[in-house]
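The values are calculated or read from the model by the stated rules, or taken from the named source; none is laboratory data. All values derive from a computational prediction rather than experimental measurement. Note that we place each Cβ from the backbone using ideal geometry, even for glycine, and neighbour counts take in every protein chain shown.
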Amino acid sequence: MRSAKNITLSVVLFCASVVGWEAVVRGFQIPPFILPPPSQVALALWRGFSSGLYLEHLSHTLLETMLGFIVGSALGLVLGTAVALSRPVEFFLYPYIVMFQSLPKVALAPLIVVWFGLGLTSKVINAALIAFFPLLVNTMVGLRSADEERVSLMRSLAASERQIFWMLRLPNALPFVMAGLDVAMIFALIGAIVAEFVGAQKGLGMLIQSMNFNMDVSGQFSILLILSVVGLLLNRGVMIIRKRVLFWDPSEKERIDQERVSA
Amino acid sequence: MVTEAISVRSLSKLYATRDGGVAALERISFGLDEGEFVAVVGPSGCGKSTLLKILAGLLAPTGGSASLRGTPIAGPRRDIGVVFQAPVLFPWRTVLDNVLLPVDVQGLGRDRYLGSAMDLLALVGLREFERRYPWELSGGMQQRVAITRALIHDPAMLLMDEPFGALDAMTREHMNLELQRIWMERKKTVFFITHSIPEAVFLADRVLVMTPRPGRIVDDLRIELPRPRSLDVMTSSDFGRYTRHIRGLFNVKGGLDA
């Protein structure tokens with residue numbers, strides 16, 4: 001697909017749709033608080049960045065997202081390992097984890113803001129809560145999916161359970177863990193933004209909220225644009241790490257190709 | 001009396017099922033001498049893999065005893081090397097790291113075994129491939145890595161469970177020659193499971209013939225063919241006599257036709 005011709009075509013299509021959008025808004029005289037023309041969105045973007053406003057809020061949201069991602073993934077990894085390795089832990093803990101997961105965690109955001117305040121903490125916790133589950137499930141499945149024959153081989157070498165874990169189960173789980181991180185990254189961003197909607201002093205989510213009150217629709221569009229670019233970059237970041245860690249996984253290349261199709 | 005490399009006395013294995021139990025092995029007895037190459041041949045389901053798992057210490061028998069060099073087998077031991085039907089390599093390890101897996105597991109010290117790992121890789125013709133990863137190798141090459149891995153900690157004996165069953169016929173013949181060469185050079189006791197009668201006759205000093213339900217040894221056949229055997233030996237009349245004899249046992253017992 002990546003021929004020079006197709007790339008040119010995709011650039012042309014992009015420009016055409018932007019120009020078409022602008023023409024429709026002007027031609028039908030649609031008020032800017034319903035649908036702003038791209039020129040105004042670009043202007044809002046430029047103003048926001050040149051005044052330093054966007055960068056300040058963007059960096060705050062990024063910090064929340066990254067902290068939430070790290071805390072949530074670490075928690076998911078540890079708990080997933082515990083559930084996978086210990087039958088009692090699975091029996092007593094897993095039902096609650098599943099119950100908790102079926103709860104739409106977005107609905108928890110108001111409570112978390114009440115409990116942990118308008119600052120950074122509530123956003124990190126909310127992001128971590130949402131990011132945690134994909135890691136938990138993937139770690140669990142990954143650790144349990146070690147091929148029976150490989151386990152037999154390790155046992156035939158008189159390996160201890162600990163050795164089987166470190167030399168076989170853990171590396172074997174890595175493709176699953178990396179897939180979990182992929183999802184968790186985007187989930188953390190969602191968690192941070194939602195918590196900002198509920199109540200915050202800083203961040204892009206809070207900015208969208210206040211712009212909404214001021215009918216600044218072009219401003220909102222400009223932030224949506226930033227968020228989608230941020231999401232894309234975070235996702236690519238995880239993918240680069242995944243490719244490095246899983247250089248040995250033959251399904252890796254295939255999976256990346258598939259993602260490109262589904263993205 | 002000299003202690004046998006492997007000694008199996010009225011060994012039984014009963015698998016519990018809904019309607020009672022299935023005898024995978026019923027009172028099997030045999031012995032292997034030090035340095036001997038013994039093949040077990042039989043149709044699938046005759047319990048030969050169960051037998052190997054018991055010898056490898058991966059499975060406990062329900063009756064009888066098996067001992068290795070005079071000591072009873074009570075779990076996995078470090079003085080055997082096992083080769084499975086699939087190469088069972090770890091994809092995140094290089095060829096060399098895969099070969100050194102037993103050394104890592106048993107904490108023998110990589111430095112001391114690096115030299116012999118390279119020698120063994122040269123022996124199986126994989127000298128230049130030590131830094132490659134398993135997916136870069138063909139099926140035959142992967143199985144040679146598995147054999148190298150089974151030999152690295154210098155085990156007293158080698159247990160092989162249909163190691164060439166997944167390979168194509170040409171590669172398989174080639175691997176048979178390789179295995180004979182390795183065995184003649186290293187003089188290990190080999191316990192080799194296969195469902196190919198010609199493979200068993202070609203490789204072994206002795207062939208144990210097994211039939212299923214219940215798993216039993218119906219013949220213990222000494223193969224008197226000179227070594228090293230070339231592939232041409234397969235067209236000799238002696239070779240034909242041995243294979244015909246074994247095939248006849250299956251037909252009488254209904255093993256292959258069942």
(message) Step by step: first the residues of the stretch B:58-70, then only those that are within 16 Å of A:Ala158 (Cα to Cα) and surrounded by fewer than 20 Cβ atoms within 10 Å (Cβ to Cβ), then the one that is nearest to the other protein chains (Cβ to nearest Cβ). Which residue is that?
(response) B:Leu58
(message) Here is a check on your reading of the model: is B:Ala23 surrounded by 15 or more Cβ atoms within 10 Å (Cβ to Cβ), out of contact with any helix residue (DSSP H, G or I) (no Cβ under 6 Å at 6 or more places or on another chain), in contact (Cβ under 8 Å) with a residue 12 or more places away in the chain and within 25 Å of B:Asp205 (Cβ to Cβ)?
(response) no
(message) For a quick check of your reading: which helices (runs of 4 or more DSSP H) sit entirely within the stretch A:109-174 and have at least 3 residues that are within 14 Å of chain B (Cβ to nearest Cβ), without any contact (Cβ under 8 Å) to a residue 12 or more places away in the chain and surrounded by 24 or more Cβ atoms within 10 Å (Cβ to Cβ)?
(response) none
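Go through the stretch B:207-247 and report how many residues are among the small types (Gly, Ala, Ser), in a helix (DSSP H, G or I) and under 25 Å from B:Val8 (Cβ atoms).
Selection size over the stretch B:207-247: 0.
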(request) Quick one: which strands (runs of 3 or more DSSP E) lie wholly within the stretch B:1-65 and hold at least 2 residues that are closer than 18 Å to B:Arg216 by Cα and in contact with an Asp or Glu (Cβ under 8 Å, 6 or more places away or on another chain)? (result) B:20-32, B:37-41
(message) Return the residues of the stretch A:1-41 that are more than 18 Å from A:Met215 (Cβ to Cβ), touching a helix residue (DSSP H, G or I) at 6+ places or on another chain (Cβ under 8 Å) and among the aliphatic types (A, V, I, L, M); say none if nothing qualifies.
(response) A:Val18
(message) Would you confirm whether or not the stretch B:73-80 contains a residue that is over 20 Å from B:Ile182 (Cβ atoms) and free of Cβ contacts under 8 Å to residues at least 12 places away in the same chain?
(response) no
(message) Please determine whether any residue of the stretch B:82-99 is surrounded by fewer than 20 Cβ atoms within 10 Å (Cβ to Cβ), at positive phi and small (Gly, Ala, Ser).
(response) no
(message) Going through A:Ile34, A:Ile30 one at a time, which residue ends up being in contact (Cβ under 8 Å) with a residue 12 or more places away in the chain and not small (Gly, Ala, Ser)?
(response) A:Ile34
(request) Would you point out the residue of the stretch B:72-93, among those that are more than 7 Å from every other protein chain (Cβ to nearest Cβ) and of a type in the set (Gly, Ala, Ser), that is farthest from B:Gly165 (Cα to Cα)? (result) B:Ala74
(request) Could you figure out which of (1) over 18 Å from A:Leu204 (Cβ atoms); (2) free of Cβ contacts under 8 Å to residues at least 24 places away in the same chain isn't true of A:Leu55? (result) (1)
(message) On the basis of being modelled with pLDDT under 90, in a helix (DSSP H, G or I) and either of a type in the set (Phe, Trp, Tyr) or closer than 25 Å to B:Leu108 by Cβ (or both), does B:Glu185 make the cut?
(response) yes
(message) Being small (Gly, Ala, Ser) and free of Cβ contacts under 8 Å to residues at least 24 places away in the same chain: is that true of B:Gly42 here?
(response) no
(message) Checking the structure you have, find out if any residue of the stretch B:106-119 is within 14 Å of another protein chain (Cβ to nearest Cβ), outside any loop (DSSP other than H, G, I, E, B) and among the acidic types (Asp, Glu).
(response) no
(request) Can you tell me which residue among B:Leu158, B:Leu151 is within 30 Å of B:Val22 (Cβ to Cβ), in contact (Cβ under 8 Å) with a residue 60 or more places away in the chain, within 14 Å of chain A (Cβ to nearest Cβ) and crowded, with 20+ Cβ neighbours inside 10 Å? (result) B:Leu158
